[in-house]
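The values are calculated or read from the model by the stated rules, or taken from the named source; none is laboratory data. Since this is a predicted model, take the numbers as computed values, not measurements. Reconstructed Cβ throughout: ideal geometry from the backbone, glycine too, with neighbour counts over all protein chains shown.
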Amino acid sequence: MLEDKILVWKLKRGSSDALRRIYEKYKDDLLALAIALSNDRTVAEDVLHDVFVSFAEYAVKLQLRTSLKSYLLSCVVNRIRSLHSIKSRQNEQVYDAEDIEHDCNEPVRLAILTEQSKLVELALSELPYQQREVIVLHINSQIRFKDIAEMQGESINTIQSRYRYGLEKLKLQLNGKV
Amino acid sequence: MKLMSKIENVVRNFYFAKRSGIKTTSELDKRIIDDALPAYEQSLKTQSASVQPNIWRIIMQNRITKYGSAAAVLLVVLYVLTGNSGRTVWAMEQAIEAVKDYKAVYMEGTSREGAFECWGRTDDTGEQSKDFIVKISNGIVAWVKDGSSFAYVPSENKVYYEKAVTTGFSQWLGSELLEMLGSIKNTKVMYGKDPDTGRERVTIMSSFIDVTGPKSFIIEFDYETKLAVSLKQWDNMDRSGQPAFHAAKIVFYKEITDSLFAVNIPGNPTYIEKPLTIPDENIGLLSNPEYGISIKGLSEQQACKKILTDMYQAVIAGDIAAIKKLSPVTEILDDEFIRSFIIKTGKKDQIVELVSIGEIIKKGHSKLGSIAAVPVVYKRKDGVKMEDKMIVQFRNLGGELSCVIHGPYGISQQYK
């Protein structure tokens, strides 16, 4: 947090090094979120590009009400929302589950885990977008419900409900399979 | 409930495994940075048009009449950002030596406020701006007298004043400034001839960032006399657009008459004291609870005495970590810079003794809470006593009372 405050402070005073450092610090988190929400690496890379260039453009006037990380993550969320292709991509499994890295050397166990990952990914992709967004932000990006509510301009109850409904749907789809 | 948390764990494990494989590629990084940097630099240029000052911090273009930026202007005196230190090729030492004998300067040129002419005179140390007067074509006259700064605004028939030297050269165009310029890594030196006079010229170009934003400048020196003859300064890094300040003519004097600093204001203007303020953009860092000291049970005066004593002792001891903790603005400076320009190890103006901390002389408010200006007298290595006025910011963070040092209020003055 302290480092972020200093980075933002420097950034607002013209430090391109601070801009680079912010990018290096959060690029993978932002990309992971964009991929989790869009299910499309190409789209996610474009989102990361657009979000960061836009961030650079307005950095001098930046007025943060949340943490820098939350701010950047919410930029990614908003950008993906504004892309109307989300629905059509929801069922695409562009991410090859075999790419997922498991800390496992046993071939049989690895095969099971890979199969399970496919099931989880499919189940997640079938969730309504708003529910998936909350689950991704809370579990993948480790953002608190309170901060998600602030980012999305919703009440915390609404956010928690979306999360709960999303998990219940996942439970129904995955029950006994994973 | 158990099943729900089991599902949560399944999803968590899924994302954990997936995230470990997600990395940006070097091509993507390059594409983004290549596009982001120009966008950022463009925004800086736009922004800089509304940000103040110039390297000499002459307040003329800052609408002296407006409240506010004095503290920021002066903060720059101590807290200027540079890259890594590195000597320029040109023998800056020669220019440093050349200006030592000159205690006064005349400049004329243009600023955002219009055409100007100004006279400045240093104190006995030859390092601090003492007497100063600037006359601008829009009728504004600003001057310094007996340690106070004044600005007459004819359109309002008012004189704004404050009991600190907030007008003038925050860094005298002398050896210390030249040393600083010489230490900036990106400083470039070029040689040429003045087509009008045929005299050889040395041109120094550099840029840096300080607390008020990006700055770039060109100073032209006469090769023979080693004295500056003109300077331009921009509020951006690439010297694009019209300069914010252009002194087309600079003349140095060994002595000048006192009458040059006499001010005759027509009519009977109203005198209004400027409130004590600090720039809003510094509030973020000042509000960090990890900085400063707790002042539970202390009065504001006691708190000022404690934190300023700690600060000057830290400077004397060369304790950079303590300096940064007490004065958060210094956090952005690299250690080498703090050693050279705040601690000043081995230099004649190195602070060696804290003499006294006075009563609060002025109070004001920032977005974070009340602020106070306090005089501090210290002794330098060469025996000269100087007086700083320092601004202390008080805070109430979650019920915890604390304070931090914002920075200097005005330019240091010789203490007599």
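For A:H138, are the conditions met, namely being at pLDDT below 65 and either within 11 Å of chain B (Cβ to nearest Cβ) or farther than 21 Å from A:N175 by Cβ (or both)?
Details: at pLDDT below 65: no; either within 11 Å of chain B (Cβ to nearest Cβ) or farther than 21 Å from A:N175 by Cβ (or both): yes.
No, not satisfied.
Among the numbered conditions (1) buried (at least 16 other Cβ atoms within 10 Å of the Cβ); (2) more than 18 Å from the chain's Cα centre (by Cα); (3) at pLDDT 85 or above, tell me where B:K145 comes up short.
(1)
Test B:F394 against the criterion of being within 26 Å of B:E273 (Cβ to Cβ), crowded, with 19+ Cβ neighbours inside 10 Å, of a type in the set (F, W, Y) and touching a helix residue (DSSP H, G or I) at 6+ places or on another chain (Cβ under 9 Å), and give yes or no.
Details: within 26 Å of B:E273 (Cβ to Cβ): yes; crowded, with 19+ Cβ neighbours inside 10 Å: yes; of a type in the set (F, W, Y): yes; touching a helix residue (DSSP H, G or I) at 6+ places or on another chain (Cβ under 9 Å): yes.
Criteria met by B:F394.
Just name the residue that is surrounded by the most Cβ atoms within 10 Å (Cβ to Cβ) out of those in the range A:49-67 that are within 24 Å of A:K146 (Cα to Cα) and in contact with a Lys or Arg (Cβ under 8 Å, 6 or more places away or on another chain). Spell out how you get there, then give the answer.
Just the residues of the range A:49-67 that are within 24 Å of A:K146 (Cα to Cα), to begin with: A:51, A:55, A:62-67.
Restricting the remaining residues to those that are in contact with a Lys or Arg (Cβ under 8 Å, 6 or more places away or on another chain) gives A:51, A:62.
Working: A:V51: 22, A:L62: 12.
That would be A:V51.
Across the range B:229-281, which residue is nearest to the chain's Cα centre (by Cα) among those that are in a loop (DSSP other than H, G, I, E, B) and of a type in the set (D, E)? If you could, list the steps in order and put the result at the bottom.
Start the filter on the range B:229-281 by keeping residues that are in a loop (DSSP other than H, G, I, E, B), which leaves B:235-244, B:254-257, B:262-269, B:274-275, B:277-279.
Still in the running and of a type in the set (D, E): B:235, B:238, B:255.
Working: B:D235: 13, B:D238: 20, B:E255: 27 Å.
Applying the filter and picking the extreme gives B:D235.
For the range A:9-22, which positions are farther than 15 Å from B:M237 by Cα, within 7 Å of chain B (Cβ to nearest Cβ) and surrounded by 21 or more Cβ atoms within 10 Å (Cβ to Cβ)? I'd like the intermediate steps shown before the answer.
Taking the range A:9-22 and keeping what is farther than 15 Å from B:M237 by Cα, we get A:9, A:18-22.
Pick out the ones that are also within 7 Å of chain B (Cβ to nearest Cβ) and you get A:9, A:19-20.
The answer is A:W9, A:L19.
Can you pull out the helices (runs of 4 or more DSSP H) entirely within the range A:6-86 that have at least 3 residues that are in contact (Cβ under 8 Å) with a residue 60 or more places away in the chain and of a type in the set (D, E)? Please lay out each step first, then the result.
Details: elements: A:16-38, A:41-58, A:68-82.
Result: empty, no element qualifies.
In the range A:142-178, which residues are more than 14 Å from chain B (Cβ to nearest Cβ) and on the phi > 0 side of the Ramachandran plot?
A:G153
Quick one: count up the residues across the range B:340-384 that are assigned to a loop (DSSP other than H, G, I, E, B) and either buried (at least 18 other Cβ atoms within 10 Å of the Cβ) or over 20 Å from the mean Cα position of the chain (by Cα) (or both). Spell out how you get there, then give the answer.
Within the range B:340-384, the first condition is being assigned to a loop (DSSP other than H, G, I, E, B), and the residues that meet it are B:344-350, B:358-361, B:367-368, B:381-384.
Narrowing the set further to residues that are either buried (at least 18 other Cβ atoms within 10 Å of the Cβ) or over 20 Å from the mean Cα position of the chain (by Cα) (or both) leaves B:344-348, B:358-361, B:367-368, B:381-384.
Total meeting the criteria: 15.
Restricting attention to the range B:105-140, and to residues there that are aliphatic (A, V, I, L, M) and crowded, with 19+ Cβ neighbours inside 10 Å, which single residue is farthest from B:A228 (Cα to Cα)? Step through it out loud before you land on a result.
Looking only at the range B:105-140, we keep the residues that are aliphatic (A, V, I, L, M), and these are B:105, B:107, B:115, B:133-134, B:136, B:140.
Filter once more, so that each one left must be crowded, with 19+ Cβ neighbours inside 10 Å: B:105, B:107, B:133-134, B:136, B:140.
Working: B:V105: 10, B:M107: 11, B:I133: 20, B:V134: 19, B:I136: 22, B:I140: 26 Å.
Filtering the range B:105-140 for residues that are aliphatic (A, V, I, L, M) and crowded, with 19+ Cβ neighbours inside 10 Å, the one farthest from B:A228 (Cα to Cα) comes out as B:I140.
Take the residues in the range A:71-91 that are of a type in the set (D, E, K, R) and within 15 Å of the chain's Cα centre (by Cα); name whichever of them is modelled with the lowest pLDDT.
Step one: filter the range A:71-91 for residues of a type in the set (D, E, K, R), giving A:79, A:81, A:87, A:89.
With within 15 Å of the chain's Cα centre (by Cα) added as a condition, the list becomes A:79, A:81.
On the way: A:R79: 86, A:R81: 81.
In this case the residue turns out to be A:R81.
So which residues in the range A:123-156 are of a type in the set (D, E) and part of a helix (DSSP H, G or I)? Break it down stepwise before answering.
At the first step, the residues of the range A:123-156 found to be of a type in the set (D, E) are A:126, A:133, A:147, A:150, A:154.
Of everything in the range A:123-156, those that are of a type in the set (D, E) and part of a helix (DSSP H, G or I) turn out to be A:E133, A:D147, A:E150.
Quickly run through the range B:118-140 and pick out the residues that are under 22 Å from the mean Cα position of the chain (by Cα) and either small (G, A, S) or assigned to a strand (DSSP E or B) (or both).
B:C118, B:W119, B:G120, B:R121, B:T122, B:G126, B:S129, B:K130, B:D131, B:F132, B:I133, B:V134
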